[in-house]
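J.: Have a look at this one before I ask anything.
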Amino acid sequence: MPSGSVSPIPLPSSHRAKIDTCIVTGCSSGIGKALSQLIASKGQRLVATARKLSALDYLPDDNPNILKQALDVTSQTSVDAAIAAALQRFGRLDVVVNNAGYTLYGDAENASDEDARKCVETDFWGMVRVSKHALRILREENPKTGQQGGVILNVSSMGGRIAFPGNAFYHASKFAMEGFTEALSKEVRPEWNSKSYPFDLAIY
């Protein structure tokens with residue numbers, strides 16, 4: 001996305017001064033890893049997640065502001081456990097970044113049902129699981145520590161707006177993510193002080 005068109009994501013009113021606790025999915029590499037390192041460097045409280053804890057070895061073990069947590073977004077049990085661990089450690093969530101995902105390359109006709117479903121299960125349904133659970137935390141748990149609400153940021157891509165051959169199921173997931181995020185943002189009541197946004201990435 002050209003730099004001239006980028007603008008900050010507006011935070012709910014009670015979170016503009018400070019963001020306390022951020023949970024990020026898919027932190028083993030790429031965007032998730034870079035974002036986790038940035039959050040940690042700013043002294044924010046970070047819940048970094050990955051399917052394998054060993055993939056988070058780049059983060060220190062002795063920082064009280066960092067929780068490294070195993071999370072498989074295709075499992076509701078795993079999602080529930082990760083968010084419960086975050087609440088036990090920090091008491092709240094302020095920013096939820098749904099970043100976990102991957103692409104399935106190849107012609108749609110030749111993709112097996114199993115491979116196609118795994119891609120959509122991770123890229124779309126994983127985001128849905130985390131978002132639904134997190135929204136309840138922002139609404140019901142956060143007021144116990146003073147501030148209600150927060151932000152759910154879903155990492156999409158230009159592949160959620162335009163499609164190219166060879167990535168049909170990735171595109172299907174990201175188009176679905178865009179639609180879900182827009183609908184969810186319209187369902188959230190103003191008094192919940194919560195927002196959900198898609199974050200579209202492109203490389204030029």
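The values are calculated or read from the model by the stated rules, or taken from the named source; none is laboratory data. Computed from a predicted model, the values in this text were never measured in an experiment. Don't worry about glycine lacking a Cβ; one is built from the backbone with ideal geometry, like all the others, and counts go over all protein chains shown.
J.: Taking the residues in segment 121-173 that are within 24 Å of Asp107 (Cα to Cα), polar (S, T, N, Q) and not in a helix (DSSP H, G or I) as candidates, determine which candidate is modelled with the lowest pLDDT.
T.: Out of the qualifying residues, it is Ser157.
J.: Follow-up question, since we're still on this one. If you go through segment 52-68 one residue at a time, how many are free of Cβ contacts under 8 Å to residues at least 24 places away in the same chain and either closer than 19 Å to Asn154 by Cβ or more than 19 Å from the chain's Cα centre (by Cα) (or both)?
T.: Going through segment 52-68 one residue at a time, the tally reaches 7.
J.: In this structure, does Thr103 turn out to be modelled with pLDDT under 95 and not in a helix (DSSP H, G or I)?
T.: Yes.
J.: Determine whether Gln88 is surrounded by fewer than 19 Cβ atoms within 10 Å (Cβ to Cβ) and touching a residue at least 40 places away in the same chain (Cβ under 8 Å).
T.: no
J.: What single numbered condition from (1) at pLDDT 65 or above; (2) of a type in the set (S, T, N, Q); (3) under 29 Å from Gly146 (Cβ atoms); (4) in a loop (DSSP other than H, G, I, E, B) fails to hold for Ser28?
T.: Result: Ser28 fails condition (3) only.
J.: Checking Leu67 against (1) at pLDDT 90 or above; (2) in contact with a Lys or Arg (Cβ under 6 Å, 6 or more places away or on another chain); (3) within 24 Å of Ser185 (Cα to Cα): exactly one of these is not met. Which one?
T.: (3)
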